[in-house]
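The values are calculated or read from the model by the stated rules, or taken from the named source; none is laboratory data. Quick caveat, the model's predicted, so the values are computed rather than measured. All Cβ positions, even for glycine, are placed from backbone atoms using ideal geometry, and neighbour counts span all protein chains on display.
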Amino acid sequence: MRSALDIARDVRSGATTAENEMATSLAAIRARNDELNVFLFVDEEGALDAARRVDERVTRGEDVGALAGVPIALKDNLCQSGVPTTAGSKILKGWRPPYSATVVGRLLDAGAVPMGKTNMDEFAMGSSTETSAFGPTRNPLNVERVPGGSSGGSASAVAADMTPLSLGSDTGGSIRQPAALCGLVGVKPTYGLVSRYGLIAFASSLDQIGPFAKNVADAAALLEVIAGHDPMDSTSLPELAPSLLSHVNDGVAGKRVGLVRELFDGAADEVVAEVERAAEALRDAGATIVELSVPEIHLGLSAYYLIAPAEASSNLARYDGVRYGLRVDADDVAAMNEATRTAGFGAEVKRRIMLGTYALSAGYYDAYYGQALKVRTQLIDAFRRAYLEADLLLGATAPTVAFAIGEKTADPMAMYLSDVFTIPTNLAGDAAISVPFGTGEADLPIGVQLLGPGRSEAGLFAAARVLELADGRS
Amino acid sequence: MTLRDGWEMVIGLEVHTELKTSTKMFCGCANEFGSEPNTNVCPVCLGLPGSLPVLNVRAVDLAMAIGFALHSTIGFSTFHRKNYFYPDMPKDFQISQYDLPINSGGYLDLPDGSRVTIERAHLEEDTGKSTHLGGSGRIHGADRSLVDYNRSGVPLVEIVSGPDIRSSAQARGYASELRGILIATGASDGRMEEGSMRIDANVSVRRPGDPLGTRCEIKNLNSLRSLHRAIDYEAARQVELVEGGAKVRQETRHWDEHLGETSTMRTKEEAEDYRYFREPDLVDLVPDTAWQERIRAGLGAMPAERRATLLARLTDPTPSQLDALEVVVDLGFDDLVLAAIDAGVEAPLALARAANELAAAIDDIANLTQDAFIATLTMEQGGELSATQAKTVLLELLAHAGDPRAIAAAKGFEQLSSDSLGETVAALITQYPDEWARFRDGDEKLAQFFIGQVMKLTKGQANGKAVIAELQSRR
């Protein structure tokens with residue numbers, strides 16, 4: 001499939017039409033969706049409407065936008081007015097939001113064509129897309145393997161050439177880890193860079209929407225479209241979207257890159273080897289490599305598994321059967337709430353709601369949630385110190401290549417460890433990008449991770465582009 | 001009511017007031033009482049998945065105005081989530097300030113000279129409203145429940161007093177004075193009957209000088225009368241328990257207005273664990289000095305000061321005039337009354353018309369201009385309108401606005417010129433010589449007889465005072 005930027009250029013010039021590109025995407029979806037279970041809903045009508053509107057604007061000679069006619073897949077926790085949105089949960093089956101997320105509005109304004117909603121771990125709680133109430137998504141590169149998660153559907157859509165772009169959400173690695181497992185570029189933007197309005201919350205202080213793409217430039221273009229202040233999100237950064245695409249080829253000459261031991265310790269040898277090779281590639285491009293240790297990173301996982309469930313236990317309280325989604329009737333309101341939630345939520349979601357409720361309970365708050373907040377502050381300080389010594393940090397994205405479907409479902413701790421290298425960035429509110437670099441076992445892709453302080457996206461894209469070129473991608 | 005000898009009540013009040021903003025606390029929906037159910041709603045106040053709150057700056061303005069009026073310290077504050085399941089609360093948590101409220105500390109001086117400390121006055125959002133149909137008619141055991149989310153997300157300030165109140169009368173005085181302050185700051189319309197001001201009372205009893213006793217919280221008292229009665233009932237109940245050798249159990253109690261009793265809602269053991277934590281969807285609220293100063297500068301005089309101003313214009317006020325004065329200040333009509341007095345209207349007349357006619361039509365007060373009020377009262381005072389006619393003109397002005405002279409003319413309140421009044425009186429003197437003789441000899445009661453006759457002949461269009469003046473001039 002051609003790159004998003006090529007498609008947009010050709011749609012704007014009239015060399016192709018949005019409707020034509022939409023039809024190509026639709027054909028690719030039809031060809032493999034049954035096999036891979038990528039899309040939970042394909043919005044054929046909406047996509048056709050959106051494509052025709054773009055074509056009409058082109059005909060009228062209007063400026064159609066940076067993503068003119070580019071098909072895009074949306075993770076199913078992004079609200080799009082009138083389009084079924086489930087967050088991968090039975091409890092929201094059949095719900096059609098009456099409003100659209102800010103990012104969806106910005107995509108449409110930029111000429112993108114949303115093709116439908118992609119499968120995900122239920123409420124984004126998982127690392128393999130296996131906790132979805134609607135069955136697992138398969139990795140297009142090897143259908144016996146998981147695509148990662150929780151944004152596994154969005155990753156697979158791009159990896160299977162169904163759409164050149166997709167949006168996911170990243171609370172603890174849910175974009176970067178599936179990007180690594182599917183051989184894609186995936187970005188967790190600085191907290192507040194992208195509006196969360198219309199993103200179904202998992203853990204509000206950690207959630208961020210971000211792009212998947214096959215190459216760095218496409219990812220930068222997409223992030224540029226969706227980023228920038230939104231008055232509907234109080235935690236949104238005050239400034240307009242940064243200029244990213246124009247910095248993709250800035251290179252890394254003179255940059256200090258911190259190779260952080262804790263960001264690949266415990267990863268498979270083949271992954272560690274690629275991280276080291278990536279460091280060399282950056283050095284070859286003019287960067288200085290600084291070996292660093294940030295021990296607080298090891299505390300991230302435990303803090304995360306208190307903070308995220310605590311927020312989730314509150315965010316998911318609203319699924320009570322009163323107003324929308326599933327309702328299981330019972331004798332009184334409390335019994336109805338309980339019956340609805342018992343039937344509507346899957347095991348992983350229940351596990352985290354219980355964990356989070358416990359962590360916030362009177363008598364336990366200080367020992368658990370309160371302590372986790374302190375650890376979070378320590379981690380933020382540790383990153384701040386690291387960024388005095390390095391402009392950006394390098395490590396692994398995931399400990400291994402894509403694992404087999406069913407391999408970790410019985411062992412939550414093993415599953416949680418998939419996110420050990422990605423979680424610290426969410427806790428710190430910083431930015432990070434996963435870029436494919438080399439392959440490992442079964443010829444599956446490996447992703448390396450570049451991390452930077454808040455608002456460092458332009459530098460991260462430039463470094464990712466250096467690795468992309470060094471790995472022999474155009 | 002007073003407690004049995006040797007006992008003292010200890011009362012602290014939590015007053016919830018809806019803020020008079022045009023939109024809700026975290027979204028742009030109208031903050032309006034009495035709309036069709038579920039019409040002032042949007043994804044945010046319905047708590048739809050993916051929606052996020054954005055703080056209404058006007059709610060912060062009003063909260064700070066309350067803080068200044070209560071001599072609170074205004075500072076860095078944050079929002080928390082108070083988590084519990086309830087069908088009229090769409091997110092199943094309430095956004096509320098918790099350990100860092102916008103207003104901390106302060107006090108309120110009551111007309112009786114006492115001072116009640118204020119612990120805090122914090123911002124929070126209101127819930128929707130449930131109606132339970134069939135069965136028990138309450139949430140447990142009703143056949144079905146309907147929820148109206150129009151009130152969901154309406155901004156509230158909760159004002160928490162210290163445990164300084166010692167009687168139900170003082171509690172009532174506190175609530176009433178606070179209500180006046182809320183109206184004076186423009187923060188609230190203070191309408192308890194519409195639920196825009198609701199009170200929870202924490203009540204305990206003790207022997208004077210002893211440490212505080214175990215308290216019970218009586219929820220949702222929605223009139224000053226209920227507040228008064230509920231506290232008296234509850235304190236007496238507690239004294240009886242303790243004197244009978246039992247202990248007061250810490251619990252939340254419900255006030256039944258019809259039975260005149262409190263009853264257990266939930267005990268301390270059954271109390272919810274609200275699992276408060278910082279609301280991650282909102283940022284810290286830090287009103288800077290300029291913002292605070294803007295609010296402080298915009299504050300008018302508070303009721304105590306306004307009562308004093310008006311009182312200074314009355315000579316030897318009667319008890320009913322003092323009552324009227326309180327009503328007038330409570331309703332915020334004192335500026336109108338003062339303007340009328342400045343324009344030459346006698347203070348008792350201005351006070352009476354404001355405390356009666358205007359107070360009865362408070363919903364329509366916006367129709368009445370200061371000029372129209374003064375003009376009407378001046379006409380009444382000058383004898384151009386009778387008292388009844390003046391009241392009718394005021395009611396018309398309140399209902400439809402307009403020009404008082406035009407209204408008087410349209411109603412056929414032709415002014416009775418002193419010439420024609422003189423002719424009428426002269427004719428009556430001729431017609432009733434005996435009555436006239438008795439009046440001239442000092443029987444003042446006969447004045448009423450002549451007034452009655454004049455009214456009959458003029459179909460009520462004469463002014464009583466003018467008739468008396470006419471009679472006196474011929475005595």
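Computed quantities for the displayed model
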read-out: Residue, nearest to A:Gly321 (Cα to Cα), within region A:69-87, restricted to residues that are part of a loop (DSSP other than H, G, I, E, B) and within 12 Å of chain B (Cβ to nearest Cβ); value: A:Thr86
read-out: Residue in region B:167-177 that is assigned to a strand (DSSP E or B), in the same structural domain as B:Leu46 (by TED's automatic domain parsing) and in contact with a strand residue (DSSP E or B) (Cβ under 9 Å, 6 or more places away or on another chain) present; value: no
read-out: Unique match (being within 26 Å of the chain's Cα centre (by Cα), buried (at least 19 other Cβ atoms within 10 Å of the Cβ) and within 11 Å of chain B (Cβ to nearest Cβ)) among A:Gly356, A:Gly344; value: A:Gly356
read-out: Filter result for the condition that a residue is surrounded by fewer than 18 Cβ atoms within 10 Å (Cβ to Cβ), under 26 Å from the mean Cα position of the chain (by Cα) and in contact (Cβ under 8 Å) with a residue 24 or more places away in the chain, over A:Met22, A:Met1; value: A:Met1
read-out: Out of B:Arg307, B:Arg313, sole residue that is surrounded by 13 or more Cβ atoms within 10 Å (Cβ to Cβ), in a helix (DSSP H, G or I), of a type in the set (D, E, K, R) and within 26 Å of the chain's Cα centre (by Cα); value: B:Arg307
read-out: Residue check for A:Ala410: among the hydrophobic types (A, V, I, L, M, F, W, C), surrounded by fewer than 20 Cβ atoms within 10 Å (Cβ to Cβ), assigned to a loop (DSSP other than H, G, I, E, B) and within 14 Å of chain B (Cβ to nearest Cβ); value: no
read-out: Checking A:Thr439 against (1) farther than 29 Å from A:Asn37 by Cβ; (2) hydroxyl-bearing (Ser, Thr, Tyr); (3) surrounded by fewer than 21 Cβ atoms within 10 Å (Cβ to Cβ), the condition it does not meet; value: (1)
read-out: Residue check, A:Arg138 basic (Lys, Arg) and either touching a residue at least 60 places away in the same chain (Cβ under 8 Å) or crowded, with 24+ Cβ neighbours inside 10 Å (or both); value: yes
read-out: Qualifying residue in region A:209-218 (condition: modelled with pLDDT of 95 or more, within 14 Å of another protein chain (Cβ to nearest Cβ) and under 30 Å from A:Ala317 (Cβ atoms)); value: yes
read-out: Top-ranked residue in region A:413-436 [being aliphatic (A, V, I, L, M) and farther than 14 Å from A:Leu206 by Cβ; ranked as surrounded by the most Cβ atoms within 10 Å (Cβ to Cβ)]; value: A:Ile433
read-out: Flag for A:Ala227 being more than 14 Å from every other protein chain (Cβ to nearest Cβ) and not hydroxyl-bearing (Ser, Thr, Tyr); value: yes
read-out: Residue tally, condition more than 9 Å from chain A (Cβ to nearest Cβ) and in contact with a strand residue (DSSP E or B) (Cβ under 7 Å, 6 or more places away or on another chain), over region B:268-287; value: 3
read-out: Residue in region A:443-452 that is in contact (Cβ under 8 Å) with a residue 40 or more places away in the chain, out of contact with any strand residue (DSSP E or B) (no Cβ under 6 Å at 6 or more places or on another chain) and closer than 20 Å to A:Glu262 by Cα present; value: no
read-out: Whichever residue in region B:48-59 is surrounded by 22 or more Cβ atoms within 10 Å (Cβ to Cβ) and in contact (Cβ under 8 Å) with a residue 60 or more places away in the chain and, among such residues, is nearest to the other protein chains (Cβ to nearest Cβ); value: B:Leu52
read-out: Residue in region A:460-467 that is closer than 12 Å to A:Leu181 by Cα and over 18 Å from the mean Cα position of the chain (by Cα) present; value: no
read-out: Residues (within 17 Å of B:Gly47 (Cα to Cα) and buried (at least 24 other Cβ atoms within 10 Å of the Cβ)) located in region A:77-96; value: A:Asn77, A:Leu78, A:Cys79, A:Gln80, A:Thr85, A:Thr86, A:Ala87, A:Ile91, A:Leu92
read-out: Residue that is nearest to the other protein chains (Cβ to nearest Cβ), among those in region B:63-86 that are of a type in the set (Phe, Trp, Tyr) and over 19 Å from B:Val160 (Cα atoms); value: B:Phe85
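Yes or no, residue by residue, for (1) buried (at least 17 other Cβ atoms within 10 Å of the Cβ); (2) within 20 Å of the chain's Cα centre (by Cα); (3) within 14 Å of chain A (Cβ to nearest Cβ); (4) under 30 Å from A:Tyr324 (Cβ atoms):
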{"residue": "B:Thr21", "(1), (2), (3), (4)": "yes, yes, no, yes"}
{"residue": "B:Phe26", "(1), (2), (3), (4)": "yes, no, yes, yes"}
{"residue": "B:Pro37", "(1), (2), (3), (4)": "no, no, yes, yes"}
{"residue": "B:Asp61", "(1), (2), (3), (4)": "yes, no, no, no"}
{"residue": "B:Asp88", "(1), (2), (3), (4)": "yes, no, yes, yes"}
{"residue": "B:Ser104", "(1), (2), (3), (4)": "yes, no, no, no"}
{"residue": "B:Val116", "(1), (2), (3), (4)": "yes, yes, no, no"}
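Residue by residue, here is whether (1) under 28 Å from A:Glu19 (Cα atoms); (2) basic (Lys, Arg); (3) outside any loop (DSSP other than H, G, I, E, B) holds:
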{"site": "A:Tyr99", "(1), (2), (3)": "yes, no, no"}
{"site": "A:Gly105", "(1), (2), (3)": "yes, no, yes"}
{"site": "A:Glu130", "(1), (2), (3)": "no, no, no"}
{"site": "A:Ala133", "(1), (2), (3)": "no, no, no"}
{"site": "A:Pro136", "(1), (2), (3)": "no, no, no"}
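One line per residue, one yes/no per condition, for (1) closer than 16 Å to A:Ala87 by Cβ; (2) aliphatic (A, V, I, L, M); (3) touching a residue at least 60 places away in the same chain (Cβ under 8 Å); (4) assigned by TED's automatic domain parsing to the domain that holds A:Ile446:
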| residue | (1), (2), (3), (4) |
| --- | --- |
| A:Glu130 | yes, no, yes, no |
| A:Pro147 | no, no, yes, no |
| A:Gly152 | yes, no, no, no |
| A:Met162 | no, yes, yes, no |
| A:Val185 | no, yes, yes, no |
| A:Lys188 | no, no, yes, no |
